[in-house]
Structures are given as C-alpha cells and as structure tokens.
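Everything below concerns the one structure shown next.
The values are calculated or read from the model by the stated rules, or taken from the named source; none is laboratory data. None of these values were measured; they are calculated from a predicted model. As a convention, Cβ positions derive from the backbone with ideal geometry for all residues, glycine included, and neighbour counts pool all protein chains shown. Please note that ligands, DNA and RNA were not included when accessible areas were found on the heavy atoms of the full protein model with its side chains. Shrake-Rupley method; radii C 1.70, N 1.55, O 1.52, S 1.80 Å.
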Amino acid sequence: MKKIYDFVVVGAGPAGLMIAKELSAARQSVLLVDIKKELSKVHRSCCTMLINEPNTHGETVRFVDNDLYFEKTGITVKYGHPYVKLVKSSRLSTGGNKLTMVNRENGVALPYTKEIILRNLLEESLANGVDVLTETAGIRAENIDGRVKVTLRDNHTRTLKEVWCRACFAADGCNSQIVTGLELFRTRKYFGSYRVASYFLDEVEYPNWDSWITCLGKGHTPWGKGQIYMVPKYLPDAKKGDKPILDVFCGTPCGLPAKMGLDWFLTEGPFREWFHNAKIVHKAACVLNFYTCIMNPVEGNIVVVGDAAAFIETYCQSALMYGYLASQAALKVLSTGKGYDEYTSFWRESFEYCHPGEIEKALQAFGLGRLEDEQLNYIFSLTNDEEYAGYVSENTAGYVMQKAIMGHIDQIRKERPEIAAVIEQHWKSSAEDNVHQ
Ligand SMILES: Cc1cc2nc3c(=O)[nH]c(=O)nc-3n(C[C@H](O)[C@H](O)[C@H](O)COP(=O)(O)OP(=O)(O)OC[C@H]3O[C@@H](n4cnc5c(N)ncnc54)[C@H](O)[C@@H]3O)c2cc1C
C-alpha cells in the first residue's frame, strides 16, 4: 500500500467494485479496502434478484447475452452465469392463501448470483492495477485542505494507518462506518434495525420454483414478528442444466434472533413439509439499520455511494449504476472542477426512497404481517384465484397490493367489517408503526 492515491474506495460491494474498476480504467491510482477476507464471497444475506421493472431507480436493467445491460446509462456489467426467471410474486398467509403478482412475458424478477458479479468486477479492477487491502476497516474519512485523509484499521493487528487521496468513496454499505463520522450523518433519521439470517437449501420439496414468495403473518415465526422470503437461484459453481437451490430468509426486528426464527420456520412453520429433506449448502446473515436517505451524498471530497447513502437498499443493480455515475462524476471533477452536483441531483430524482411518502408506502406493504393470521387468511382468500400485473419491487408492489385488497373492500366491509376497519387504517400507518413488525 502506498501513502497517497488518487482515490480510496472503502467497501468492495457492487458499488465500490464498480468505482474501483472505472477509475482504474481511467488510469487513476486506486486503493480498494474491505473488511472481508475474500472479496467475491457473499456472507451478507441478499436475494440478488434483478429488479427488471422498467425505470427502477431511474434505470432499466436487463440481461443481454447473459450480461447485465443498463439501458439509460449505456453500460454492460459482465455476468456469464445462469439466472432464474420468476413469473410470479406471491404474498402467502399461514393458511396458504395468496396475493399474486404476475409477469409471464418478462418475469417479475430475475434472481442471479451476486458472487459472479463481484468476482468479475474484482478481476477487472485487479487487471487495471487497483491496490486491494482485505481484512481492513475504513474507520474515518476527513476533508483536509482539499484532500482526504482516510484512517484504516487492520482487522488482525488492530493497528491504525492513514492514507491520503483526492477523493474517498464511502461504499461500505447500509451500516457505513465512514458515514457515521460525517456531518451529513446528522441529517438522517433512524427508524429501527432488522436482523436477517438465510440459508441456501438443496433438496427441498417446493411447489413454487417460478415464484418469489413472501410469507406474511405471525404464525410464520415463533414470536409473531418478522418475515420469511424464498427465492430460487443458482450456486456460484452451477453449470448449465443444474437445478437452482432455494435461498430462504428470515428477517426479524432487532433483538430477535433471526437464525432461530429461520430454523423454527423450516422445522415447525406452516410449510415445514417442504423442508423435511433439505440440506444447507450456504449460510449468510446481516443487520440492517433503517435510516432516511442522505439527500446530499457528497461532503467535500467524500462521496457516499450505494447502500451507504440509502434507506436500506439500493439493490445490487443500482449500487452498480450509482457507483458508475459517481466514478464518472469524480473524473469530471478532476478535469473541470465540477461534477458532483449532477450526481447529487440524479441521486435525489432517481432513488425512489428520496421522494416523500415512499418509505411509508414500502413499509406498509412490509408491515401487513402485523394483521392477525386469521385476518390475512381471510383477505388473501379473496385474492387467491386472481393475478395482478406487477413486479418484485419495494417501490411499486405496495401500490399493487393496496389496489388488489381495496378492490374487495365492499365485500370485506359487508362480511367482516372489523377487518375492513383494520385494513383501511393500515394504509394510513407510519413507517415507525411498520418497521418493528
Ligand atoms: C435480505 C436482503 C435482500 C436483498 N435482496 C436484493 C435483491 O433481491 N436484489 C438486489 O439487487 N438487491 C437486494 N438487496 C440489496 C443489496 O444487497 C444491496 O443493495 C447491495 O449489495 C448494495 O451494494 P453496496 O455496494 O452499496 O453495499 P454492500 O453490498 O453492502 O457492500 C459493502 C461492502 O463494504 C464492506 N464494508 C462494510 N463496512 C466496512 C468498513 N468499515 N470498512 C471496509 N469495508 C467495509 C462490506 O464487507 C461489503 O463488502 C437485498 C439486501 C438484503 C439485506
């Protein structure tokens, strides 16, 4: 490691790797730092579905020749591995009733393998001459006399070291350490925290290989809180013709052990018969701290990118896109002295959670699980045989679900007025009401 670089990138997820690759391709000296030992290994839970709904966070991303193609940005990210086309997205009650969104032509989402994207970007970055420090944490970034001093800590020796650069990128994810040391951190509002545990499972007897399943309702977890998700995807070493495995997630409000919730769901939950012979082939976990977005993601020469600036998640695809755009902005600043304003404006316009009301709407869809199981079973019995056009997207699925349920409100008012009152009230609930569910 040198003492001075053009750029230091803290965090080697999709955002950080994209920045490192792009800046090094433009012949800038780049140091990439991550706390992980092996940068392309994925230990953080992530469904890794390509959210293929057009204009997701201002961009439309699709597979072209098995690579990720970003229509508006015009970039291609190397993939070259199998992916899954899911045609349905269902909310499933404990009694097995559903609310289902469908897109048979394009799919509701296309799960892929994150490790492959990270591996390809890392190879390209290394080939361009990026210096990489693994098992090292970015602790602090400070603007000093037009440059940035970045303090790093070696995970093994716990010793601190300093490195200087023209600009530093905080791409260290949704619990960013770098961001907590910046003034702009004070602009954020904290909602709560969530734990997630997930297993890749082989040999499941599963009836929904074409669907993204979200289990809603108290009876899916031992404590009546949290959510279960299931997504088929391919292992990093999958070959053409291999079957996908099932990635199963349990998310719980913090304080509750997500792994215990997941084990309970698999062995005692309402759909336990799917998992009698299941074999765990990989485990992952994470903690999510829910904050409002950073509206001005640039402080001096420190640029906050991807999940580090976001309300929970930008998605991998958008972390790649914002990483690309942030790298181009930094190159523009080098040549013209300006460039970050454009990046900031695009971030605010394109990232839906920067818009008023979007966090509340997404959390309302997420928080439906706080209804009683019997109430959800009844509501989903009305939608069970229907299909609604839609995608897997935090920013639009809530609207589709609300419309679908409210399409039955006259019947609900007549048959179950107490449930009608609860559901009508639910669409007025706050982010705080729902985040702890
Ligand atoms: C349960 C769950 C499901 C999801 N499902 C999807 C999905 O279906 N589709 C999708 O596209 N996205 C999904 N996401 C979101 C996706 O994982 C993120 O949006 C994406 O990974 C963000 O990329 P990033 O580069 O900004 O951050 P990250 O991928 O979090 O990368 C941050 C990197 O920084 C490193 N790091 C952290 N702290 C430090 C530090 N102090 N110093 C140095 N390095 C550090 C980490 O090790 C990591 O490598 C999901 C996330 C979760 C939690």
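Brief remarks on what is shown
- Taken together, the residues in region 288-329 that are among the hydroxyl-bearing types (Ser, Thr, Tyr) and more than 11 Å from the ligand (Cβ to nearest atom) amount to 4.
- Taken over region 413-427, residues that are in a helix (DSSP H, G or I) and under 18 Å from residue 369 (Cα atoms) amount to 9.
- Among residues of region 379-394, those that are buried (at least 20 other Cβ atoms within 10 Å of the Cβ) and out of contact with any Leu (no Cβ under 6 Å at 6 or more places or on another chain), counted: 6
- Considering only residues in region 340-358 that are assigned to a helix (DSSP H, G or I) and hydrophobic (A, V, I, L, M, F, W, C), the one that is surrounded by the most Cβ atoms within 10 Å (Cβ to Cβ) turns out to be 347.
- When residues of region 138-181 are limited to those that are away from the ligand (no atom under 13 Å from the Cβ) and either among the β-branched types (Val, Ile, Thr) or closer than 26 Å to residue 431 by Cα (or both), the one surrounded by the most Cβ atoms within 10 Å (Cβ to Cβ): 148
- Any hit, region 31-48, residues being more than 14 Å from the ligand (Cβ to nearest atom) and either out of contact with any Ser or Thr (no Cβ under 8 Å at 6 or more places or on another chain) or open to solvent by 20 Å² or more (accessible area, probe 1.4 Å) (or both): no
- Only one entry of 82, 14 meets the criterion of being in contact (Cβ under 8 Å) with a residue 40 or more places away in the chain and near the ligand (Cβ under 10 Å from one of its atoms), and that entry is 14.
- Of all positions in region 120-128, at least one carries a residue that is within 14 Å of the ligand (Cβ to nearest atom), open to solvent by less than 20 Å² (accessible area, probe 1.4 Å) and not assigned by TED's automatic domain parsing to the domain that holds residue 233.
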